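Here's the structure we're looking at; comments come further down.
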Amino acid sequence: MFVPARRKTDVRSASARSLVGLAPLALLLLAGCASRNDLYVLLPGQDGKIGALIVSSGGEQRVLDQPYAAASVTSPGRVEGRATSEAEVRQAFGPALAAQPTRPVSFFLYFLADTDELTPDSKRVVGQIFAEIARRPAPEIVVIGHTDRVGAVAYNDALSLKRAEKVRDDLLKLAIPKVRISVAGRGEREPLVPTADEVSEPRNRRVEISVR
Amino acid sequence: MRSGFIALILPIALTFGVAAAAAEDAGHVKVSNGAAQIERAGQRLPAAVGQAVQQGDVVITGADGSVGITFRDNSLVSVGPDSVLSIDRFVFNSTTHQGNFDSSLKQGTLAVVSGKLAKQSPEAMKVNTPAAILGVRGTEFLVRTGPAKD
């Protein structure tokens, strides 16, 4: 924007006028009307699912629902659809993609009947699971214990919590920096495999470790 | 007298309740490279690994900076260099998976893997830029916003 020079002896009023002259430009920038380099891209989901991204700009709307479908916006209301490629996306968004946190994951450990002792199978994999958890930066861990339906509800509440606390105590021994661990016991309320009451079911005697 | 006493107590209780809710962590920094900060109530904190992120925070990166944050609903949000991302609203009920996640990318680049909020409701997650509003249906996406280079 061109602000005409003025012959003025009063410096204060001259600077006030030039500020007034700049006001429309500032408004233009605030409104986002200046030419833009905006790009919005839908990625294929890692779980194979394709969602959708709905781009609304200045009364225009475009739905992106194909992998690598993109919309570029040069000013509000000027939305153009186009295709991108994995290579182009890597080029334009490399550092943001590289900084994506590791995806949250859950692990299961199984227990011998009526104990907080791991089954031989779970004993074999627990080291590997713990190593994977320890590799995560500042991991937030939720440990939830479960039982099968043998025994009273109150007894199983206590047993499930005991299992979860045992796993937490073992995790704490790893001394992972900045780790946060919470525990809960769900008793026999959430069986992995639904059964009648008093049925012994090894798959229900478990602890779920969710990590993010 | 009693009602007067309650009238005095109630606003104080409400104030504390709101303060406690606002201070709840929305997420944590998991990845941090280069110049990366979090602006909270006028103060700049280093966006170091393990740093809590709250509603109202603004994530700011320099020319060599990038930050990755995992939110409580398992949303993964990362920004590239020269970016400004404002966490406008984060409300998540971990039992019902209901709530809202609104953020604004003022400039720079953003990569998002949506979490439980967007899965529960297509209205729950929104990303604003100076030029557009993005609605999210359970998905992964990228955003770049800024003035065109001459």
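The values are calculated or read from the model by the stated rules, or taken from the named source; none is laboratory data. Just so it is clear, the structure is predicted and the values come from calculations on it, not from any experiment. Positions of Cβ are backbone-derived with ideal geometry, glycine not excepted, and every protein chain shown enters the neighbour counts.
In this structure, is A:PRO139 surrounded by 13 or more Cβ atoms within 10 Å (Cβ to Cβ) and either more than 13 Å from chain B (Cβ to nearest Cβ) or touching a Gly at 6+ places or on another chain (Cβ under 7 Å) (or both)? Talk me through it step by step, then tell me what you get.
Numbers: surrounded by 13 or more Cβ atoms within 10 Å (Cβ to Cβ): yes; either more than 13 Å from chain B (Cβ to nearest Cβ) or touching a Gly at 6+ places or on another chain (Cβ under 7 Å) (or both): no.
Taking the combined requirement at face value, the residue does not satisfy it.
I'd like the full set of residues that are among the charged types (D, E, K, R) and outside any loop (DSSP other than H, G, I, E, B), limited to segment A:188-204.
A:ARG203
If you scan segment A:80-133, which residues turn out to be away from chain B (no Cβ under 14 Å) and of a type in the set (S, T, N, Q)?
Scanning segment A:80-133 gives A:THR115, A:THR119, A:SER122, A:GLN128.
Name every residue in segment B:96-150 that is closer than 20 Å to A:PRO104 by Cα, small (Gly, Ala, Ser) and at the interface with another protein chain (Cβ under 10 Å from one of its Cβ atoms), in order of residue number.
If the condition is that a residue be closer than 20 Å to A:PRO104 by Cα, small (Gly, Ala, Ser) and at the interface with another protein chain (Cβ under 10 Å from one of its Cβ atoms), then B:ALA111, B:SER114, B:GLY115, B:ALA118, B:GLY138 are the ones that fit.
Tally up the residues in segment B:42-89 that are outside any strand (DSSP E or B) and modelled with pLDDT of 95 or more, please.
20
Within segment A:47-60, count every residue that is more than 9 Å from chain B (Cβ to nearest Cβ) and at pLDDT 95 or above.
The qualifying residues number 0.
What residue, of A:LEU53, A:LEU112, is more than 20 Å from B:GLY138 (Cα to Cα) and either in the same structural domain as A:LEU159 (by TED's automatic domain parsing) or free of Cβ contacts under 8 Å to residues at least 24 places away in the same chain (or both)?
That would be A:LEU112, the only listed residue that is more than 20 Å from B:GLY138 (Cα to Cα) and either in the same structural domain as A:LEU159 (by TED's automatic domain parsing) or free of Cβ contacts under 8 Å to residues at least 24 places away in the same chain (or both).
Pick from A:VAL105, A:VAL126, A:VAL89: which is under 13 Å from B:LEU110 (Cα atoms), at pLDDT 95 or above and touching a strand residue (DSSP E or B) at 6+ places or on another chain (Cβ under 8 Å)?
After ruling out the rest, the residue left standing is A:VAL89.
Could you pull out the residue among A:ARG136, A:ARG163 that is within 27 Å of B:ALA47 (Cα to Cα), modelled with pLDDT of 95 or more and in contact with a strand residue (DSSP E or B) (Cβ under 7 Å, 6 or more places away or on another chain)?
A:ARG136
Kindly evaluate B:VAL49 against the criterion of being over 12 Å from the mean Cα position of the chain (by Cα), facing chain A (nearest Cβ under 8 Å), touching a residue at least 12 places away in the same chain (Cβ under 8 Å) and under 21 Å from B:LEU117 (Cβ atoms).
no
Can you find even one residue in segment A:85-99 that is in a loop (DSSP other than H, G, I, E, B), outside the structural domain of A:GLU198 (by TED's automatic domain parsing) and surrounded by fewer than 19 Cβ atoms within 10 Å (Cβ to Cβ)?
Yes, segment A:85-99 contains at least one residue that is in a loop (DSSP other than H, G, I, E, B), outside the structural domain of A:GLU198 (by TED's automatic domain parsing) and surrounded by fewer than 19 Cβ atoms within 10 Å (Cβ to Cβ).
Inspect all residues belonging to segment B:64-73 and state whether any of them is touching an Asp or Glu at 6+ places or on another chain (Cβ under 6 Å) and within 14 Å of chain A (Cβ to nearest Cβ).
No; the residues of segment B:64-73 include none that is touching an Asp or Glu at 6+ places or on another chain (Cβ under 6 Å) and within 14 Å of chain A (Cβ to nearest Cβ).
Consider A:VAL63 carefully, then state whether it is over 30 Å from A:VAL207 (Cβ atoms) and part of a strand (DSSP E or B).
Judged against the criteria, A:VAL63 is a match.
Can you name every residue in segment A:112-142 that is in a loop (DSSP other than H, G, I, E, B), over 20 Å from A:VAL183 (Cβ atoms) and within 22 Å of the chain's Cα centre (by Cα)?
A:ARG135, A:PRO137 - these are the residues of segment A:112-142 that are in a loop (DSSP other than H, G, I, E, B), over 20 Å from A:VAL183 (Cβ atoms) and within 22 Å of the chain's Cα centre (by Cα).
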